[in-house]
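One structure is given below, encoded as structure tokens.
The values are calculated or read from the model by the stated rules, or taken from the named source; none is laboratory data. Since the structure is predicted, the reported quantities are computational estimates derived from the model, not experimental observations. Please note: Cβ atoms are built from the backbone with ideal geometry, for glycine as well, and neighbour counts cover all protein chains shown.
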Amino acid sequence: MANTPSAEKRIRRNARRAAINKARRSRIRTFVKKVEAAIESGVRAQALEAFAAAQPELMRGVSKGVLHRNTASRKISRLAKRIAALPEA
């Protein structure tokens with residue numbers, strides 16, 4: 001239990017930030033799932049479109065401090081590699 005007003009305020013602030021970060025992480029995961037679903041469907045154009053939407057979301061997560069930049073880069077790289085392996089339509 002917080003003993004000082006500043007500690008109580010910090011608890012409130014941390015809870016607000018945690019909620020915001022959780023929403024951001026969830027949004028990023030949704031975009032990545034859309035790319036993965038498009039890759040599974042095998043439609044290259046659809047996968048590229050979903051990837052183009054997911055890439056800035058991942059990098060925005062980095063700039064907001066939700067993801068480490070290497071984590072985002074790794075995810076982008078792996079998705080790009082899977083898309084590149086799809087047959088041309």
Seminar exercise, completed: If you go through Ala72, Ala18, the only one that is surrounded by 11 or more Cβ atoms within 10 Å (Cβ to Cβ), small (Gly, Ala, Ser) and assigned to a helix (DSSP H, G or I) is Ala72
For this session: With the checklist (1) exposed (fewer than 15 other Cβ atoms within 10 Å of the Cβ); (2) free of Cβ contacts under 8 Å to residues at least 40 places away in the same chain; (3) of a type outside the set (Ser, Thr, Tyr) in hand, flag the one item Arg25 doesn't pass.
Result: (2)
Exercise. Residues of the stretch 75-87 being touching a residue at least 40 places away in the same chain (Cβ under 8 Å) and in a helix (DSSP H, G or I), which ones?
Worked result: Lys75, Leu79, Arg82, Ile83
Seminar exercise, completed: The residue that is farthest from Thr71 (Cα to Cα), considering only those in the stretch 35-48 that are surrounded by 12 or more Cβ atoms within 10 Å (Cβ to Cβ) and in contact (Cβ under 8 Å) with a residue 40 or more places away in the chain, is Val43
Seminar exercise, completed: Listed by first then second residue, the pairs whose first member lies in the stretch 60-74 and is at pLDDT 95 or above, whose partner is in a loop (DSSP other than H, G, I, E, B), with beta carbons under 9 Å and at least 6 positions apart or on separate chains, are Arg60/Val66; Gly61/Leu67; Val62/His68
Problem set entry | the stretch 1-34, residues that are in contact with a helix residue (DSSP H, G or I) (Cβ under 8 Å, 6 or more places away or on another chain) and within 22 Å of Lys64 (Cα to Cα) | Arg24, Arg25, Arg27, Ile28, Phe31, Val32, Lys34
